[in-house]
Amino acid sequence: MFGLGGMSRRLCGAQSLRRSIGALGIALLLSVPTVEAQTDDDDATTTVEDLRAEKRKIQADRVDNALQIDAATADINDLTEALSTLRGWMNNQQLVVAASRGRATSARAALDEAQAGVDLVTEEIDRLGGQIREEAVRAFLGGGHGGVLLETGDPTVAIRQESLSRHLRGTIDDLRDRLSVARQELVVGQQHVVDTSQAADEQQLQSEQALRELEEMSLEYQDLLIGSEERLDLLLSERQTLAELNETVGSELSKAEAQLVALLGAAGGPGAGRAELVFPSDIVDAGYGIKVHRDIAEDVRALLQAAQLDGINLGGGGYRDSSAQIRLRRANCGGSDYAIYEMPASRCRPPTARPGSSMHEQGRAIDFTYNGSLITRRSGPGWEWLSANASSYGLFNLPSEAWHFSTNGK
């Protein structure tokens, strides 16, 4: 089975991820040039918004479809389109993350500025309060009441003292007015801090949400990459298996393989791990020249005999030895164990399947022929008989290849 754990997780995670795709990230893909109004401005604006909404929906549908792709069985064109779609979404989502982080940083800076303003007003209030207290003490100590003349007997001193007292009272009134204004500014500033704090929190949440969506999509994309690498392994192995049977089919597979190689090579995804190798002693002849793993030999022999009884002459190729594949990997990929057994096929030059990645190398797949010719179409006696009966013998068709049947349909 190829990437079933990842595929299951992708299908589950896709439900939550799809809900947010349309709301965040896709819009950057879908900018529409400003259209000059030919009629009423409101009508033109509505038309532009409708176009944008339609494009967002189309892109969201594409992403939704890409998340449903099973790399093991999908048409190669659909698979490559899914890889491109998800990669494009991620590229744009990275821009969304960067932009949302920038807005969150700006919002936090605005909050700091607002708080600094409140701090300054608070300091001003404290300073004015202190000045008022000082002036009140001076006014108290300076006197200025009518008894000064009686106390001193000097009219000049009394007049001067009264003038000073009036000045102090005016200063205190001025300070009180300024204090009242400052307190009003403090109320406004504190509300501004509250509003700015809420805006900063909202921007931070949006930034975190955008990053979370990118991380979730990255997991989906990695799963699809791994499945695609496995599919490429199958394509390459199948091309080699079929080269001696049908040159045209081998060429077609090579074209399909090239589409994947370009995308996978650019993605630089992880390898699919080391494939299982079987011992030659586990391979037996099931009859009619078809060699398979001993575990399925009896079922394959029964299938071939049943087909003969129904007048259907089936043959084909089953087990393929991995030793030749190991030599190819050593020549095309490198001499280390990792290069030979685990490195993605797309990184080899030319691309070369991992040993054991083909169900043929496990002895659990057959490329069937009918009357000596490869079954390349889903029609005719050979295909129709296999389509109706093969599953009863534990063999299942790979949807993209009419001739290929295996124990897991891969």
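Coordinate-derived values only; no laboratory data. Computed from a prediction, not measured in an experiment: that's the story for all the values here. Counting neighbours? That spans all protein chains shown, and the Cβs are built from the backbone with ideal geometry, glycine included.
Here are the numbers for this structure:
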item	result
Ordering of 91-102, 123-134 by packing [mean C-beta count within 10 Å, highest first]	91-102, 123-134
Cβ crowding within 10 Å averaged over residues, with 373-382, 225-234, 66-75, 181-190 ranked highest first	225-234, 66-75, 373-382, 181-190
Reciprocal mean inverse distance between Cα atoms of the range 297-410 - Kirkwood radius, Å	15.3 Å
Least to most buried among 81, 220, 298 (fewest other Cβ within 10 Å first)	298, 81, 220
Which of 113, 135 has the fewest Cβ neighbours within 10 Å, and the rest in rising order	113, 135
Taking 404, 293, 192 and counting other C-beta atoms within 10 Å, the order from fewest to most	192, 293, 404
